[in-house]
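First comes the structure, then the notes that go with it.
The values are calculated or read from the model by the stated rules, or taken from the named source; none is laboratory data. Worth saying up front: this structure is predicted, and the values here are computed from it rather than measured. Reconstructed Cβ throughout: ideal geometry from the backbone, glycine too, with neighbour counts over all protein chains shown. Each accessible area value is taken on the protein alone, full model and side chains, heavy atoms only, with ligands, DNA and RNA left out. Shrake-Rupley method; radii C 1.70, N 1.55, O 1.52, S 1.80 Å.
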Amino acid sequence: MPTEHKINIVKDTVKRFEKSKGVYFTNYTGIDVKTITDLRKSFRESNVEYVVSKNTLTKRAAKEVGYDNLDEILVGQVGIAFSEDATAPARIIKEFKKDNKDLLDVLGLIFDGELYPSDKYIEFANLPTKEESLTKMVVMLNQPVTKFASALNNSFAKLLSALGNLKETKN
């Protein structure tokens, strides 16, 4: 018979799965307390929730939201990074692994509802952030207007110059 505490853990995990666009499963075996604390801090700063719970409870929650194929991933000491920005955990993990190559292994990930193998996180880490993408889009949308305004400005300058020359020739 499941306890109230375990039922609440499953409910909370279901909510995390439902609201997250990126879910990264990691094996954190061998990481000391200071290093895992630094990793958690990096996750928090990017609005990524890093959670450790019992694999059986996580499997139960995953099945409730339609992920039945996590049995191979959820083995051993598994920490899960949940994020509304699907690429944020990948960037943090990539940065973390620069200094700690052998300490954190990505076991698999869910990106926008699709399950991917562990090595795919590197591709997602190299994608631009949401802010970078929006900035590029605004620049692209603004560019034609800027060029048009510049062309009008140059045309008016030429017209004024021609009128000034015409005025001098009449005098």
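Return the carbon/sulfur percentage of the accessible area of region 1-125, one whole number, probe 1.4 Å, all protein chains in place.
Of all accessible area on region 1-125, carbon and sulfur atoms account for 48 percent.
Quick one: which of 104-115, 41-52, 66-77 comes out on top by average Cβ neighbours within 10 Å, and what's the full order, highest first?
104-115, 41-52, 66-77
Which value, in debye to the nearest 20, describes the size of the charge dipole of region 14-130 about its Cα centre when Lys and Arg Cβ atoms bear +1, Asp and Glu Cβ atoms bear -1, and nothing else is charged?
It works out to roughly 340 debye.
Find the Cα radius of gyration of region 26-76, compare it with 2.2 N^0.38 Å by division, and give the number to two decimals.
1.32
Rolling a 1.4 angstrom probe over the protein heavy atoms, how many square angstrom per residue are accessible across the chain?
67
Could you work out the pair-distance distribution P(r) of region 1-123 from its alpha-carbon pairs, with 10 angstrom bin width and percents rounded to whole numbers?
13, 49, 32, 6, 0
Report, to the nearest 10°, how far helix 130-170 tilts away from the longest principal axis of the Cα atoms in the chain, using its own Cα long axis and a range of 0 to 90°.
Value to nearest ten degrees: 0.
Quote the charge dipole size of region 1-74 about the Cα centre in Debye, to the nearest 20; the model charges only the Cβ of Lys and Arg (+1) and of Asp and Glu (-1).
For this selection, approximately 200 debye.
Towards the positive end of the charge dipole of the chain, with charges on Cβ (+1 Lys, Arg; -1 Asp, Glu), say which of 61, 143, 35 has the farthest Cα.
Of the candidates, 143 comes out farthest on the positive side.
With a sphere of radius 15 Å drawn around the Cβ of residue 123, what net charge do the other residues whose Cβ falls strictly inside it have (Lys, Arg +1; Asp, Glu -1)?
Here the count lands on +1.
How high is the relative contact order of the chain, in percent, counting Cα pairs under 8 Å that sit 6 or more residues apart?
Computed value for the chain: 27 percent relative contact order.
Lys/Arg Cβ at +1, Asp/Glu Cβ at -1, dipole of the chain taken about the Cα centre: which of 50, 78, 157 is farthest positive-ward?
Towards the positive end, the residue furthest out is 157.
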